[in-house]
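Comments concern the structure below.
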Amino acid sequence: MSEYKQRRIPLLGQDSNALTWLIIINASVFIILNFLKIVYSLSDIPDELFQRQILNWYTLPASLEKLSVRPWVIFSSFFTHFSVFSLIGSLLWLWSFGYILQDLTGNQKLIPIYIYGGVVGAFFFVFTNNIFPALAKNIDDMPDMMGASACIMAVAVATTTLSPDYRIFPLINGGIPLWVLTIVFVAVDFASIGNGKAGIGMAHLAAGGMGFFYVKQLQKGNDLGAWMISFWQWLDDLFNPEKKHTVKKEKDRLFYKTNSKPFVKTPNLTQQKLDEILDKINREGYHFLTNEEKEFLKRASKEEL
């Protein structure tokens, strides 16, 4: 049963999870950019040339004219960090909120919220800097936006909206409510923005609003990220036809919603059944298990399956 415990509470969330991939992608882009910067420095190439030839093709400009030349930076910008302190800070906050979100909802909500938050943040960054005359007159000198802060703001607000009383550090007086951690993150985030960066501030506020809206829609039964998961599964099936994803029939999904049972069945303890339950936790979260499945896990832990 030690294998089950390791899979249930891994350091970065759930096995083969979105949180791990987001951390890997952000760290990989950081390593690539800094490696290229070292190459430029050793070649005695001016920093301005590195900025123009490399970094600007990853970061989000405020100018619509510049954005029209490299539209992909809307997405690449929220995976791009150049400062080691910025990277460490972002990954720590991402791990903190992403771990809790996956514990509550499973493995399929983090990336949609992250991406939606980044896109909405990017839109409001460009919109704010172009709509207000005081900002628009200096738009060519406006620093580009980069980093995962807007995406993390969306994840933080979404997680807090979903379960504001979720407790962290339970050994400290019964635990600290999640909303306290969120307030600390928001305070640190906006303190780091500094003066003269109203566009970035608006981007982060809008991303937080997106996280709130996403969860409220999810609670109403509208999963705004379902199409992303379906698209990813389609791609996965395309390149891995032997591992096609299967969609449960409606009668199979609704079978366990009945409250009355003609008899109580005690399932046999099998590794296959255990794997199926662990996969369900990975997809949807522990809270979506049926009482029978939770009881199965308790029996399996006692008998060390």
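Descriptive notes on the structure:
- Residue in region 93-107 that is without any contact (Cβ under 8 Å) to a residue 60 or more places away in the chain and assigned by TED's automatic domain parsing to the domain that holds Gly211 present: no
- Region 182-202 residues that are at pLDDT 80 or above, paired with ones that are surrounded by fewer than 19 Cβ atoms within 10 Å (Cβ to Cβ) (beta carbon under 6 Å, 6 or more apart): Ile200/Ile193; Gly201/Ile193
A quick yes/no check of all residues on (1) under 21 Å from Trp72 (Cβ atoms); (2) crowded, with 23+ Cβ neighbours inside 10 Å:
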site: Phe125; (1), (2): yes, yes
site: Pro133; (1), (2): no, no
site: Ala136; (1), (2): no, no
site: Pro143; (1), (2): yes, no
site: Val157; (1), (2): no, yes
site: Pro177; (1), (2): no, no
site: Val180; (1), (2): no, no
site: Val186; (1), (2): no, no
site: Gly201; (1), (2): no, no
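- Restricted to region 67-84, and to residues there that are surrounded by fewer than 17 Cβ atoms within 10 Å (Cβ to Cβ) and among the hydroxyl-bearing types (Ser, Thr, Tyr), the residue that is nearest to Val119 (Cα to Cα) is Ser76.
The values are calculated or read from the model by the stated rules, or taken from the named source; none is laboratory data. None of these values were measured; they are calculated from a predicted model. No Cβ is skipped: glycine too gets one built from the backbone with ideal geometry, and neighbour counts run over all protein chains shown.
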